[in-house]
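Data block below; observations after.
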Amino acid sequence: MHLNTYTKTYKDELRVKTGNSGEKLVCYCYPQAKRGDWYDNKKDGTIDENTYEVKSQRLNIKFQGFWIDENQFKKVDGVDLLFFVQIPETFNDTVKLFLAPNHTKIYQNKFRAQGEYRIYPLNKCLLIREFTDKNVINEFYQPSKKLRTYKVN
């Protein structure tokens, strides 16, 4: 297997792992939540009659928000509820679950060479729950270390 193919596949597996963990946190906080089919390109699940999407990611420090790539715009705009799971920067940080109220209006458009993206500002998101359990923290922190572009101890 070509090294770049292996690296991309491995990183995709790590992203799936953190995404799955984020969806589990939403179900933990909202017992009425029902996860959808993993391959559903419209939503991650439903809470009562509302559709939802969960994005598990690190906070963009420069813009103090959560970053969504252009290829995800349609999916996040098409749901009723948008959740962000903030992945901890260190093992001593917590995992935070946020709801982005009015998510179709609160973002800022940004541009880069690879295309358009959005920043959903942290100060416009509502903290739903902070998880201090070390097992939960480790579930997000360990995979994220391998996805970073800088060295983490």
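Any read-out appearing in this document is the output of simple, stated calculations on the displayed coordinates, not a laboratory observation. What you see is a predicted model; the values in this text were computed from it and never measured. Note that each Cβ is placed from the backbone with ideal geometry, even for glycine, and that neighbours are counted across all protein chains shown.
Brief remarks on what is shown
- Rounded to the nearest 20 debye, dipole of the range 53-123 from Cβ charges on Lys, Arg, Asp, Glu: 140
- Here the spin labels are modelled as points 7 Å beyond Cα on the Cα-Cβ line, and at residue 70 and residue 39 they lie 2.7 nm apart.
- Set of aspartates and glutamates with alpha-carbon distance to residue 17 below 12 Å, sequence-local pairs under 8 removed: 139
- Bridgeable aspartates and glutamates around residue 110 (alpha carbons under 17 Å apart, same-chain partners fewer than 8 residues away excluded): 69, 70, 77.
- Rough spin-label spacing in nm, given labels placed 7 Å along Cα→Cβ, for residue 138 and residue 20: 1.8
- Pairs of Lys in the range 19-90 closer than 24 Å at Cα, counting only those 8 or more apart or on different chains: 19
- Counted charge near residue 75, where neighbours are those whose Cβ lies closer than 10 Å (Asp, Glu -1; Lys, Arg +1): 0
- Relative contact order computed over the range 66-106 (Cα-Cα under 8 Å; 6+ residues apart), in percent: 35
- The range 23-77 shape via C-alpha gyration tensor axes, a/c threshold 1.5: oblate
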